[in-house]
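The values are calculated or read from the model by the stated rules, or taken from the named source; none is laboratory data. Since the model is a prediction, treat every value here as computed from it, not as a measurement. So basically every Cβ, Gly included, is an ideal-geometry build from the backbone, and we count neighbours across all protein chains shown.
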Amino acid sequence: MSSFDKHAFISYAHIDNQPLTVHEQGWVTQFHATLATMLSQRLGKDAQIWRDPQLSGNDLFANEIIDQFARTATLISIVSPRYLTSEWCRRELDAFCAAAGHSIGVVVGNKSRVFKVVKTPVDKSVPLPPSMQETLGYDFYADDAGYPQELDPAYGEQAKQQFLRALGKLAYDLSKSLHQLANAQTAAAAPAPANSATSTARPPIFLASCGQDLRRAREELATALEMHGFEVLPNSILSSSEDELVPELERLLARCNLSIHLVGGSVGPVPDGDSGQSLLMLENRVAASQSSVASPSGGQRCLRRLIWLPAGVSSARPEQQAFIDALQRDADLQRGADLLRGDIEELKGAMFAALQSAAVPVRESVDNAEGVRGGHVVHVLMNEADRAAALPLIKLLRGRGVQVTIPVFAGDAASLREANSQLQSSCDAVILFFGSGDGVWKHYKQTELRKHAPAVSDRNRTDWTLLAQPVSADKETLLLIDEPNVIDALGGITEGVLEPLLTTLVRARGGLA
């Protein structure tokens, strides 16, 4: 992790770690332990997450903590009513930001190094510290019969599953930021190349806000887009004033070729303004107006839009129900949009089809001194349930200059067969990601690979099997019999375990460029 010794520091108020019952662990203790496990799996090595378990207030010990912030990559603030009034918590936050400012900054790229975890909603009249005001944050509470309930495993199985899902999203985003920080430090330390080529970046995708009922669906879409290398906007908190919000939305949408709007029964936040419209209504209105506007280079710029109404959607709020009804008949609200109904998988299929038809330019792989060069393509064949687990593998390969493809999961059966067959036969290597699937799944996929092996091609494809968690008897047997082209990643996905694959690619395509 370059010059950082610690991945994250957890800043919290002592009262928020008091267990609800005498036999339970404190909330922060559970949060810390689970996040450490999830982040370790994302990074492929032990995550170094620390906090002050004593909160003793001892000045000497406090200074020792603050002195370590210069070597800490990120800070996780557990926001609660007590956190905002705690002088010591504010001191931790200010000290971390000061240390970050003396290195590569609090914000790197477009990502803040301060992660805001809202355990308990706070009074909006109490201002958040400046370093938190622009970050989206992670809500660890849910609406329960009209009042916010903390996601605490002590409340039962449903709360536990929501707690784990929220932590999974945080661990994923944290791992991305850590890789970004490491790359930023490397770039800052390295001399600029004499003739560096400018890469073509994909335009970001605007994923509109939604109500509480569709929040999980929105997170699924955001994760899927990020896995394919897209930046998702908005990536910071939007203005709560309508007068400031509309120009802000116009600027964001002007950067995008596609906007996606999820409309459910919940109203969502309502900015302060004369129209009284909710945020999702305003986002749709601005996107509709942006769907066909003059381009700075001449001609018309087209913003493709998708509006999704889940099957059977309705709302108990009259203003939201009126909006749902109007979306289905008002041409102005639908301008530039495909109106979709159905389940989340149908929406995903339409989303990726829209990206393909828009001919969004693909970001070129960036070569580095130790990378595999020359346009190598690796297809990661995986179970859909392993998408998140395969992210470290995909990022490591891309970091070495390898183009990575993954299966298409949405669409009719014939289209899926054709698309996935083409992906498998037009690459330099296939990695069968053997994670959540069982031995029967592995055998079936390997049979498919043999069927779709390229006959005569300039690509001499090699097939590999990567063993990922969880451990199983089938995976242990593969290691015992020493089957060729098996990558043992049961202990984590690292560059070391991928070296045989990378070496084979170099030899097969004529070495380094």
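Of all residues in the stretch 245-266, those being of a type in the set (A, V, I, L, M), surrounded by 22 or more Cβ atoms within 10 Å (Cβ to Cβ) and over 18 Å from F230 (Cβ atoms) number 2.
For R285, the conditions (1) over 29 Å from V408 (Cα atoms); (2) modelled with pLDDT of 90 or more; (3) crowded, with 18+ Cβ neighbours inside 10 Å; (4) not aliphatic (A, V, I, L, M) all hold with the exception of (3). Of everything in the stretch 154-177 that is in a helix (DSSP H, G or I) and over 24 Å from the mean Cα position of the chain (by Cα), the residue that is surrounded by the fewest Cβ atoms within 10 Å (Cβ to Cβ) is E157.
Scanning the stretch 481-498 for residues that are more than 17 Å from M382 (Cα to Cα) and part of a helix (DSSP H, G or I) returns E495, G496, V497. Taking (1) modelled with pLDDT under 80; (2) among the basic types (K, R); (3) under 20 Å from H32 (Cα atoms) in turn, R71 satisfies each apart from (1).
For the stretch 249-293, the set of residues classified as among the small types (G, A, S) and either within 23 Å of L340 (Cβ to Cβ) or in contact (Cβ under 8 Å) with a residue 60 or more places away in the chain (or both) consists of S259, G264, G265, S266, G268, S278, A287, A288, S289, S291, S292, listed by residue number.
Checking each residue in the stretch 316-329 for being farther than 25 Å from Q290 by Cβ and in a loop (DSSP other than H, G, I, E, B) picks out A316, R317.
In the condition set (1) under 25 Å from D213 (Cβ atoms); (2) among the small types (G, A, S); (3) at pLDDT below 85; (4) exposed (fewer than 14 other Cβ atoms within 10 Å of the Cβ), G349 is compliant with all but (4). In the stretch 330-348, the residues that are part of a strand (DSSP E or B) form Cβ pairs under 7 Å with partners that are of a type in the set (K, R) and at pLDDT 85 or above, at six or more places apart or across chains, as follows: A337/R305. For the stretch 218-244, filtering for residues that are under 10 Å from the mean Cα position of the chain (by Cα) and of a type in the set (A, V, I, L, M) leaves 6. With respect to the conditions (1) at pLDDT 90 or above; (2) hydroxyl-bearing (S, T, Y); (3) not in a loop (DSSP other than H, G, I, E, B), S266 falls short on a single one, namely (3).
Take the conditions modelled with pLDDT under 85 and either among the small types (G, A, S) or more than 17 Å from I260 (Cβ to Cβ) (or both) and apply them to S315. Does it pass? Spell out how you get there, then give the answer.
Details: modelled with pLDDT under 85: no; either among the small types (G, A, S) or more than 17 Å from I260 (Cβ to Cβ) (or both): yes.
For S315, the condition - modelled with pLDDT under 85 and either among the small types (G, A, S) or more than 17 Å from I260 (Cβ to Cβ) (or both) - is not met.
Applying the set (1) more than 25 Å from the chain's Cα centre (by Cα); (2) buried (at least 18 other Cβ atoms within 10 Å of the Cβ) to S125 leaves exactly one unmet item: (2).
May I ask you to verify whether L478 is assigned by TED's automatic domain parsing to the domain that holds N383, modelled with pLDDT of 85 or more and outside any helix (DSSP H, G or I)? Break it down stepwise before answering.
Details: assigned by TED's automatic domain parsing to the domain that holds N383: yes; modelled with pLDDT of 85 or more: yes; outside any helix (DSSP H, G or I): no.
So L478 does not fit the description; no.
I'm checking my understanding of the structure. Among residues of the stretch 128-153 that are at pLDDT below 90 and of a type in the set (A, V, I, L, M), which one is nearest to the chain's Cα centre (by Cα)? Among those that are at pLDDT below 90 and of a type in the set (A, V, I, L, M), it is L136. Of the residues making up the stretch 86-112, just one is closer than 17 Å to I10 by Cα, among the hydroxyl-bearing types (S, T, Y) and either outside the structural domain of H179 (by TED's automatic domain parsing) or more than 20 Å from the chain's Cα centre (by Cα) (or both), namely S86.
Per this entry, A182 is counted among residues that are farther than 23 Å from C256 by Cβ, outside the structural domain of L258 (by TED's automatic domain parsing) and either among the hydroxyl-bearing types (S, T, Y) or modelled with pLDDT of 80 or more (or both). The C-beta contact set for the stretch 422-435 (first residue over 27 Å from D474 (Cα atoms), second residue outside any strand (DSSP E or B) and β-branched (V, I, T), distance under 6 angstrom, 6+ apart or interchain) is empty.
Of all residues in the stretch 73-107, those satisfying the criterion of being of a type in the set (G, A, S) and assigned to a helix (DSSP H, G or I) are A95, A98, A99, A100, G101.
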